[in-house]
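The values are calculated or read from the model by the stated rules, or taken from the named source; none is laboratory data. Since this is a predicted model, take the numbers as computed values, not measurements. With ideal geometry, Cβ positions are generated from the backbone for all residues, glycine too; neighbour counts draw on all protein chains shown. Side chains included, ligands, DNA and RNA excluded: accessible areas come from the protein's heavy atoms. Shrake-Rupley method; radii C 1.70, N 1.55, O 1.52, S 1.80 Å.
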Amino acid sequence: MPLPKHVFTPPFNIVRSSHVVLGVRDLDKSLAFYEKTLGLCVEDRTGDAAYLRAVEERQHHSLVLRKSTTPSCERIGFKVASEEDLDKAVAFFSARGLKHAFVDAPFQGRTLVVTDPFGMPVEFYHTMEKRERLLQLYARYQGVHAQRLDHFNIFSPELQNAIDFYALLGFRMTEYTEEDGANGRIVAAWMHRKGNVHDLAFTNGTGPRLHHLAFWVPSPINIIHICDVMASTGYLENMERGPGRHGISNAFFLYVRDPDGHRTEFYASDYQTMDPDHEPLRWSVRDPRRQTLWGQPAPRTWFEEGSQFLGTPPRDALFKADVIIAA
């Protein structure tokens, strides 16, 4: 499959991944996990929603938990550079006949919600209410000491088309996994806006579904610490994969599942990618170091389970990749 060309003058300017809205069945139970155990900070709570952020974030929220009868991902969110960029986004999506509308989003300014060509709900905004700087209020640090939301990973049934579409929006590929041989297909891709390995990744699979959201943490020590915390506070079974080091991105990682099965990654020590001539790095799908540099394969759940987007029935992938799965 062809690699997309970098687009340095996109139709509108996306700054970074910003926030995600998750539907959860029991809001108190979810808060016990995200706030009391993982250590995210609750900024506001209503009867049916809670708004959380990490300690580096000045914005009001990066995670919204909304009470729902069915667990789902309502939408993922990106910050754009200006109000004018929202109007440019409207023009871009209108020209392609994509469903879009401005909506009222608590604590945010003008917010544009779009259904992308593959059925994924995506939210764009420029302004969000600011809150007190917590970065040096070390008494507030709890759990894994999450610093900021870093990226999303999406199960994509039409992987090449998804890569090509988001490349048009200025997302630049940093690394990718490919089948071997002359007609090898791309199996997964990592794409960024903010200058590290990714804001948005795509994994071949039934979807579109949210594979995971990820928070940046200061060091591998924080990840080891949260393993101890979860193992000793009743959340041993919620640790799905890790700790370990990815070959792709070089990041030290841990994947956990919340009470509804939503997957979160904690993530440290990837690298800078802002140079305009950064060349995407290729990994063979059969290289055992790509998943984990140390060679341990991921469990089957990691390849098959994800959070459905609200109102979007998942579709089978166009092809099935021959990935290495733990026995």
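Taking the DSSP beta bridges in the chain as the whole, what percent of them are antiparallel, to the nearest 5? Bridges in the chain are about 70 percent antiparallel. Comparing G195, L159, G181 along the charge dipole axis of the range 128-205, the residue lying farthest to the positive side is G195, per the Cβ-charge model. Relative to the Cα centre, the charge distribution of the chain, modelled as +1 at Lys and Arg Cβ and -1 at Asp and Glu Cβ, gives a dipole magnitude of about 140 debye. Charge dipole of the range 1-143 (Cα centre as origin; +1 on each Lys and Arg Cβ, -1 on each Asp and Glu Cβ, all else neutral): 260 debye, rounded to the nearest 20. Out of every Cα-Cα pair that the range 9-166 contains, those further apart than 22 angstrom amount to 45 percent.
Across the range 120-133, rounded Karplus estimates of 3J(HN,Hα) from the backbone phi angles (6.51 cos²θ - 1.76 cosθ + 1.60, θ = phi - 60°) give 8, x, 10, 10, 10, 8, 10, 10, 9, 3, 9, 10, 4, 5 Hz, Gly and Pro being marked x. Ellipsoid semi-axes for the range 59-116, based on the Cα gyration tensor and the rule √(5λ), read 23, 16, 9 Å when sorted largest first. Could you name the lysines in cross-link range of K29, using Cα to Cα under 17 Å and dropping any fewer than eight places away on the same chain? Cα-Cα hits under 17 Å: K67. The radius of gyration of the Cα set in the range 202-325, together with its Dmax, comes out at 15.5, 47 angstrom. For the chain, modelled as a GNM whose springs connect Cα atoms under 10 angstrom apart, the maximal fluctuation among E178, E74, E43 occurs at E43. The Rg/Rh ratio of the range 148-189, with Rg taken over Cα atoms and Rh as the Kirkwood radius over Cα pairs, comes to 1.00. Taking the inverse of the mean reciprocal distance over all distinct Cα pairs, the Kirkwood hydrodynamic radius of the chain comes to 20.0 Å.
For the range 141-262, the Cα gyration tensor yields ellipsoid semi-axes of 29, 16, 14 Å (square root of five times each eigenvalue, largest first, whole Å). Distances between placed amide hydrogens fall under 5 Å for E175 paired with W190, L281, all partners being 5 or more residues away or on another chain. Relative to the compact-globule estimate of 2.2 N^0.38 Å, the Cα radius of gyration of the range 200-243 comes out at 1.45.
Taking only the Cα atoms of the range 1-96, the ratio Rg/Rh comes out at 1.09, with Rh defined as the Kirkwood radius.
Would you mind getting the accessible area per residue of the range 122-241, heavy atoms of the protein chains only, 1.4 Å probe, in Å²?
Here the per-residue accessible area is 35 Å².
Which one, H262, V285, L52, is farthest towards the positive end of the dipole of the chain when Lys and Arg carry +1 and Asp and Glu -1 on their Cβ? Farthest towards the positive pole: L52. The Cα-based radius of gyration of the range 90-169, divided by its Kirkwood radius, gives an Rg/Rh of 1.08. Pairs with C-alpha atoms separated by more than 30 Å, drawn from the list K79/K320; K88/K130; K99/K194; K88/K194; K36/K88; K88/K320, are K79/K320; K36/K88; K88/K320. On the principal axes of its alpha-carbon atoms, the range 246-314 has extents of 39, 29, 23 Å, going from largest to smallest. Anisotropy class assigned to the range 42-90 is oblate, per the alpha carbon gyration tensor with a/c at or over the 1.5 cut-off and a/b no larger than b/c.
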